[in-house]
Protein chains: 2
Amino acid sequence: MAVILKNLLLNRIKPLGKLSQEEEEAFLGILSEESIGKGDLIFRPGKMANKMYFLLKGGLRSYYIKNGEEITDYFFFEESFATDYVSYFGDKPTEFYLEALEDTLAITYDRAEICKVAENYPRFQKFLRIHSEMAFIEIEQRMRILQNETLETKFQYTLSQFPYLFQRVPQHQIASYLGVKPESLSRIKQKKTTG
Amino acid sequence: MAVILKNLLLNRIKPLGKLSQEEEEAFLGILSEESIGKGDLIFRPGKMANKMYFLLKGGLRSYYIKNGEEITDYFFFEESFATDYVSYFGDKPTEFYLEALEDTLAITYDRAEICKVAENYPRFQKFLRIHSEMAFIEIEQRMRILQNETLETKFQYTLSQFPYLFQRVPQHQIASYLGVKPESLSRIKQKKTTG
DNA sequence: TTGAGAACTTAACATTTGTCAATGCTAAAT
DNA sequence: ATTTAGCATTGACAAATGTTAAGTTCTCAA
């Protein structure tokens with residue numbers, strides 16, 4: 001695996017403080033590289049999402065099907081972690097599909113393996129804790145916006161979070177991510193540019 | 001502090017495995033008991049929510065004010081943890097009020113202190129991680145329901161989560177928790193009992 | 001007991017979003 | 001160039017929610 005790529009991920013665990021040689025090796029030892037072709041499904045409902053993906057290139061989308069329609073749960077792009085956290089944290093089968101929006105390159109590790117590393121090197125417990133805490137903060141923001149902002153605000157917020165989103169994914173996927181129908185999203189967009 | 005009460009909280013850290021005498025004492029050493037009178041504000045916007053509350057009795061509500069109206073962010077009741085996790089995890093001032101819905105009794109600890117304990121006794125890193133992971137799972141469920149369920153389903157789900165909710169808090173607070181106006185909640189309730 | 005204020009309900013109307021259908025656009029395949 | 005399929009837009013109408021206002025119930029304090 002290219003050293004440059006690993007460094008990207010290593011930067012993410014800097015908050016832990018300086019790693020010993022042994023710690024760094026234990027961590028690097030459980031990493032794998034994974035190439036995912038556009039349209040490939042990484043997992044599907046009923047499977048365990050017991051793997052974390054750190055995206056180097058490309059994008060993923062988690063979604064599920066309700067009344068025959070896809071509902072997008074989340075988008076993931078470069079330099080962020082991706083999985084179904086509910087399955088991953090809760091050790092239960094996922095309810096989602098995780099699909100590659102584009103050709104994607106990721107570094108991955110297994111939940112079980114990082115937990116084992118963390119048992120041996122407590123520093124990594126802290127990494128896992130902070131990772132989980134940051135994930136919480138992000139979803140809490142989204143929850144609040146879904147709870148009581150107008151569609152226009154939801155739209156703006158999503159754009160600020162993923163500026164490139166409309167260039168990279170079809171609009172009806174964004175609509176369900178926002179909890180509305182594609183027609184409603186069209187209306188809002190038009191209102192913005194016209195008004 | 002009554003031993004029985006501490007035991008309630010100690011049960012929560014059982015997943016860590018058996019604690020040594022030293023570990024247990026370090027943990028108990030940072031706990032305080034706190035009585036909060038109905039209507040009291042535990043914190044308000046701008047303050048650090050750097051304290052975790054484990055509720056033994058009573059209930060809390062976090063809310064903020066938008067366009068002159070209170071928006072309820074969350075309800076907390078007996079035997080659950082309460083704080084503003086965004087402030088607590090992110091070490092940033094909170095944007096919420098945290099108010100006692102009833103006379104409330106809680107065991108509390110400071111973020112800084114539990115983190116210190118965790119630095120000395122890595123087992124507690126795991127506790128903090130799992131706590132954060134469970135909080136994530138809960139909010140992700142709520143987010144999904146806010147995202148794309150009907151108001152009636154949101155209503156049902158909330159009832160199943162807090163069966164006693166309507167006996168304990170005013171309905172307009174529940175309405176804003178669900179992201180609708182009180183009148184809409186009235187309508188749904190009537191529809192349920194009539195139809 | 002009474003009165004005042006808050007909360008809940010209900011109804012009429014306004015706004016937003018959903019539904020359905022038609023149209024146009026774009027990109028891929030031939 | 002033509003066709004095709006999927007996606008986005010638009011418009012008309014339906015359904016859900018917001019808004020406003022009125023009336024009722026409930027609580028609590030005097």
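Here, each number is a calculation from the coordinates, and none is a lab measurement. As the structure is a computational prediction, the values presented were derived from the model and not from experiment. Glycine also receives a Cβ, built like all others from the backbone with ideal geometry; neighbour counts cover every protein chain displayed.
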Checklist entry - If contacts are Cα pairs under 8 angstrom and at least 6 residues apart, what is the relative contact order of chain A in percent? => result 23 percent
Item to check | Under 10 Å, Cβ to Cβ, from B:Gly39 - net charge with Lys/Arg +1 and Asp/Glu -1 | outcome: -3
Next on the checklist: Within a 10 angstrom radius of the beta carbon, how do B:Met143, B:Met134 rank from fewest other beta carbons to most?
Outcome noted: B:Met134, B:Met143
Checklist entry - Can you list, shortest first in nanometers, how far A:Glu138 lies from the same residue in the other copies, with each label 7 Å from Cα toward Cβ? => result 2.2
Checklist outcome for this item: Bounding extents of the protein assembly as shown in its principal axis frame from Cα atoms, largest first in Å, are 58, 57, 37
Checklist entry - Given labels modelled 7 Å from the Cα in the Cβ direction, how far is it in nm from B:Arg44 to B:Glu22? => result 4.5 nm
Item to check | Fraction of the pair-distance distribution of the stretch A:111-183 above 21 Å, Cα-Cα pairs, percent | outcome: 46 percent
Checklist outcome for this item: Low-density loop GluC sites (Glu not before Pro), the stretch A:109-195, at most 16 other Cβ within 10 Å, DSSP non-H/G/I/E/B, are A:Glu149
Checklist entry - In chain A, which whole DSSP H runs stretch at least 20 Å along their own axis (Cα) and average -0.5 or higher on the Kyte-Doolittle scale? => result A:123-148
Item to check | Range in chain A, longest, excluding exposed trypsin sites (Lys or Arg not before Pro) [loop by DSSP; at most 14 other beta-carbon atoms within 10 Å] | outcome: A:39-195
Checklist outcome for this item: the stretch A:1-66: spread of alpha-carbon positions along the three principal axes, whole Å, largest first, is 47, 22, 19
Checklist entry - Between A:Glu25 and the same site in the other copies, what are the distances in nm, shortest first, taking label points 7 Å from Cα along the C-beta direction? => result 3.8
Item to check | Net +/- balance of residues flanking A:Ala26 in space, Cβ distance below 12 Å, scoring K and R +1, D and E -1 | outcome: -4
Item to check | Efficiency of FRET between A:Glu152 and B:Met134 - r from beta-carbon atoms, R0 25 angstrom, step 0.05 | outcome: 0.15
Checklist outcome for this item: Along the dipole axis of the protein assembly as shown (charges at Cβ: +1 for Lys and Arg, -1 for Asp and Glu; origin at the Cα centre), the most positive-end residue among A:Ile174, A:Ser35, B:Tyr121 is A:Ile174
Checklist entry - Using only helices, what value at 222 nm comes out for the protein assembly as shown when you add -39,500 (n - 2.57) per DSSP H run of length 4 or more and divide by the total residues, to the nearest 500 deg cm²/dmol? => result -15000 deg cm²/dmol
Item to check | Net charge dipole size for the protein assembly as shown [Lys, Arg +1 and Asp, Glu -1 on Cβ; Debye, nearest 20] | outcome: 980 debye
